[in-house]
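Step one of this worksheet: look at the structure below.
The values are calculated or read from the model by the stated rules, or taken from the named source; none is laboratory data. Quick caveat, the model's predicted, so the values are computed rather than measured. Positions of Cβ are generated from backbone atoms using ideal geometry, with glycine treated the same way; all protein chains shown enter the neighbour counts.
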Amino acid sequence: MSGVVIVGACQAGMQTAASLREHGYSEAITLIGEEQHLPYQRPPLSKGFVTGRTTVDQLALRVESFYTERDIEVITGDRIVEIDRSARSAVGHLGRRYPFEHLVLTTGSHPRPFPGPGARLRNVLTLRSVEDAVAIATSFNGVEDVVVLGGGFIGLELAATAAALGKTVTLVEATAGLMGRAVSPRVADFFLRQHRARGVDVRLNSSVSEIIEGTPGEAGGVLLTTGESIPASLIVVGIGAVPTTDLGVDLGLGMGLGILVDEFAQTTQPNVLAAGDCAQHRDLAGHSRVLTSVQNAIDQATVAARTITGDLSRPYDAVPWFWSDQYDLKLQMAGLAQDHDEVVLRGDPEAGGFSLLYLRDGRLVWAESVSKPGEHVVARRLISAGSAVDPNLLADTTVRMQDAVIENSEMASTVE
Amino acid sequence: MPSIFFVEPDGTEQQVDVEPGTSVMMAAQQHGIEGIVADCGGACSCATCHVYVEERLQGRFAPVGSFEDELLDTTACERLPNSRLSCQLTMSDETDGVRIEVPESQM
C-alpha cells in the first residue's frame, strides 16, 4: 500500500498534508477528522469568536478547492477507532478502512474534565471545538454570573470576554499564580492585577470540591474546599488540555504525557509519525515536553512532512512562541523559559506596554511582551539567531531592540 | 462578492472572490496564495502577512492601528507608505477589485 493517512483534521493535520504536496510528495494523501468541518483555526474560539466578531466560515484554514486542487482527500465526520498494523490501515468508527504506507497522528488534545461531582451538569462547559464555543457564546447571552475554573490561557481569555460583556465573573485557580509555568511571576502578577481591576474576582490557591446542582440537571454554582459557595449560572472549565493519545497507546508507541517523537516527528515505530498537541518532543534545552500551540502544530507538522519525503536535513528546532489576547492586552512569549542569568525590563508596565527579556551568557533566550508585538517579533529573531545583546541598550526604549545586538552567532542571517 | 487580485513577486496574478467581512489574509490563506505566511493566524501578532495595497483603494480600508503600526516596523521587506498587515484588511464592496502586492519575503 502507498500513501499517507493523517488522523486529525486540525492545524497540524492540514499542515502535514499541505507541506507534503509542497515538498513534491505525489502519492495519495487522506486527511481524516471526526468533526464535521474542514480544518479550522482554534485560537479565535476563546477570543473574538465567542463575542461574534468571527464567524465559522472565517475560521477555515483553507477552502475546499485548496484540497481538491492538491489532490488531498479530506474525510470529515469519521472517527478512527483502530489502526490495523498488519493490514496497514486505519479503521473508522463505521468500519471504513484507510490503507497507508505512512501514518501521521495529529489527534490533538482534549479539555481535562472537572474531576469532582457535578461535571456532567448541563451548563458546565469546556472549550475545544467550534460547537463548544457556540455553546459558550449562547450561554453568555442568558446569564449574569459566570464561574471560570482554571487560570490558564483559555480560562483567562474566557474570563476577560465574559467580564467585557458585563458578566459577574469569578475565576478559581488552584495554584498561587495565573498561567502556571508558562509565564514569569511578574507577568502573572501583572495580569492578575489587570483582571481584578476589570472586576474579575480571582481566587488563587483555591479549589472547587464540587459543582452544585441548582435547578435539576443544571449547575447553580460551585463549592470551594473552604466550604464557601459561589453561585453561578454558567461554569466554564479550563483546567488544562490532555493529549489525545488512544491510538498511540493501542499501537504500543512509546508514550510520555503525549506520543513520544524524535526531532523528525517520528514515533518509536517505523512509518508512524506524530505532530502537534498529541506529540511530546525533546526541546532545545533538552526537556521532554508537550507544546499545545499553533506554532508547534505548524512547525512540527512541516518536519513530519519532510521526514515522509525522505528529507532529514532539517530537524525540529524552531523557537517556540505563543500569544494570548486578554481585554485589549496582547501577551506574547518567545523562546524557552529555561535557566537565565539576567532579566531586562524594557518599557513601563504602568504605561501599558513592556517586554521582559531573559538572557543567558549575554544571549537572549526567552522574551515576554505585553502589548508590544513589534518587540516580540524582533525578540523571536534575536533568539533564533542566538544574538549576543547589550543589556543596557536592550532596556533603552529610545534604541531599537535590533540595535542592541553586539554579536551574532553563525546562525545570524535572519537578523536585520 | 468582492474580488481581490493578488500579485506575486514574479508578477503572477490570481483573482480570489470572497464574502464581505473576510480579511485579505484569510482569503490568501484559504486559497493557498504563497508568500503570505500569517504565522499567528490573523491576531495582529507576527508581521508575516505584510502586503502592499493598491494606492487607489488604500483609503477605503480601516486605518493602521497601533499594534499594526508597530509590527509594520519589523517586516522582512521594506515598509512603504502602502504597507499593511493583510489580517487587518477587511474586504467589502468598497474595496472590490483591490490589487494586493505580495512582498518577496515575510521572515
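Among the residues that make up the stretch A:19-41, is at least one of them touching an Asp or Glu at 6+ places or on another chain (Cβ under 6 Å) and not hydroxyl-bearing (Ser, Thr, Tyr)? Yes: the stretch A:19-41 contains one or more residues that are touching an Asp or Glu at 6+ places or on another chain (Cβ under 6 Å) and not hydroxyl-bearing (Ser, Thr, Tyr).
Kindly check whether there is at least one residue in the stretch A:219-227 that is at pLDDT 95 or above and under 24 Å from residue A:367 (Cβ atoms).
In the first step, residues of the stretch A:219-227 are kept if they are at pLDDT 95 or above; the result is A:219-227.
Next cut, under 24 Å from residue A:367 (Cβ atoms) only: none.
No - not one qualifying residue is present in the stretch A:219-227.
Within the stretch A:172-195, no residue satisfies the criterion of being surrounded by fewer than 16 Cβ atoms within 10 Å (Cβ to Cβ) and closer than 16 Å to residue A:158 by Cβ. For the stretch A:319-362, the candidate set comprises residues that are away from chain B (no Cβ under 14 Å) and of a type in the set (D, E, K, R); within that set, the residue that is nearest to residue A:297 (Cα to Cα) is A:339. Taking the listed residues A:45, A:38, the one that is in a loop (DSSP other than H, G, I, E, B), within 12 Å of chain B (Cβ to nearest Cβ) and not β-branched (Val, Ile, Thr) is A:38, with no other qualifying.
Inside the stretch A:96-135, can you point out the residues that are aliphatic (A, V, I, L, M) and over 17 Å from residue A:222 (Cβ atoms)? The answer is A:103, A:104, A:105, A:127, A:130, A:133, A:134, A:135.
Which fully enclosed strands (runs of 3 or more DSSP E) of the stretch A:338-410 have 1 or more residues being of a type in the set (Lys, Arg)? Give the steps one after another, and end with the answer.
On the way: elements: A:342-347, A:354-360, A:363-370, A:405-407.
Of the strands (runs of 3 or more DSSP E) lying wholly inside the stretch A:338-410, those with at least 1 residues that are of a type in the set (Lys, Arg) span A:342-347, A:354-360, A:363-370.
Suppose the filter is in the same structural domain as residue A:14 (by TED's automatic domain parsing) and either out of contact with any Pro (no Cβ under 9 Å at 6 or more places or on another chain) or of a type outside the set (Val, Ile, Thr) (or both); does residue A:96 pass it? Here the answer is yes, as residue A:96 does meet what is asked. With respect to the conditions (1) surrounded by 15 or more Cβ atoms within 10 Å (Cβ to Cβ); (2) assigned to a loop (DSSP other than H, G, I, E, B); (3) touching a residue at least 60 places away in the same chain (Cβ under 8 Å), residue A:78 falls short on a single one, namely (3).
Please enumerate the residues belonging to the stretch A:268-319 that are at positive phi and either of a type in the set (A, V, I, L, M, F, W, C) or assigned to a helix (DSSP H, G or I) (or both). Correct list: A:276 only. Please find, within the stretch A:9-35, the residue that is surrounded by the most Cβ atoms within 10 Å (Cβ to Cβ) out of those that are touching a strand residue (DSSP E or B) at 6+ places or on another chain (Cβ under 8 Å) and assigned to a helix (DSSP H, G or I). Among those that are touching a strand residue (DSSP E or B) at 6+ places or on another chain (Cβ under 8 Å) and assigned to a helix (DSSP H, G or I), it is A:16.
Within the stretch A:48-58, the set of residues being more than 9 Å from chain B (Cβ to nearest Cβ) and assigned to a helix (DSSP H, G or I) comprises just one member, A:56. Number of residues in the stretch A:374-386 that are in contact (Cβ under 8 Å) with a residue 24 or more places away in the chain and crowded, with 24+ Cβ neighbours inside 10 Å equals 6. What do you reckon, is residue A:345 farther than 28 Å from residue A:23 by Cα and surrounded by fewer than 20 Cβ atoms within 10 Å (Cβ to Cβ)? Yes. When the stretch A:95-153 is examined, which residues are found to be among the aliphatic types (A, V, I, L, M) and assigned to a loop (DSSP other than H, G, I, E, B)? Of everything in the stretch A:95-153, those that are among the aliphatic types (A, V, I, L, M) and assigned to a loop (DSSP other than H, G, I, E, B) turn out to be A:119, A:121, A:127, A:143. Applying a threshold of 8 Å to beta carbon distances and a minimum spacing of six or more residues, or different chains, the list of pairs starting in the stretch B:12-38 at a residue that is over 14 Å from residue A:54 (Cα atoms) and away from chain A (no Cβ under 11 Å) and ending at one that is at pLDDT below 90 and part of a loop (DSSP other than H, G, I, E, B) reads B:35/B:106; B:36/B:106. The residues of the stretch A:256-295 that are in contact with a helix residue (DSSP H, G or I) (Cβ under 7 Å, 6 or more places away or on another chain) and without any contact (Cβ under 8 Å) to a residue 24 or more places away in the chain amount to a single one, A:269.
Taken together, B:13, B:8 contain a single residue that is among the acidic types (Asp, Glu) and more than 13 Å from the chain's Cα centre (by Cα), which is B:13.
Count, please, the residues in the stretch A:365-404 that happen to be β-branched (Val, Ile, Thr) and over 21 Å from residue B:75 (Cβ atoms).
Of all residues in the stretch A:365-404, those β-branched (Val, Ile, Thr) come to A:365, A:370, A:377-378, A:383, A:389, A:397-399.
Of the ones still in play, those that are also over 21 Å from residue B:75 (Cβ atoms) are A:365, A:370, A:389, A:398.
Of the residues in that region, 4 qualify.
Only a single item in (1) surrounded by 17 or more Cβ atoms within 10 Å (Cβ to Cβ); (2) in contact with a Leu (Cβ under 7 Å, 6 or more places away or on another chain); (3) of a type in the set (Gly, Ala, Ser); (4) not assigned by TED's automatic domain parsing to the domain that holds residue A:16 is not met by residue A:217, and it is number (1).
Taken together, the residues in the stretch A:63-82 that are over 15 Å from residue A:34 (Cβ atoms) and more than 14 Å from chain B (Cβ to nearest Cβ) amount to 1.
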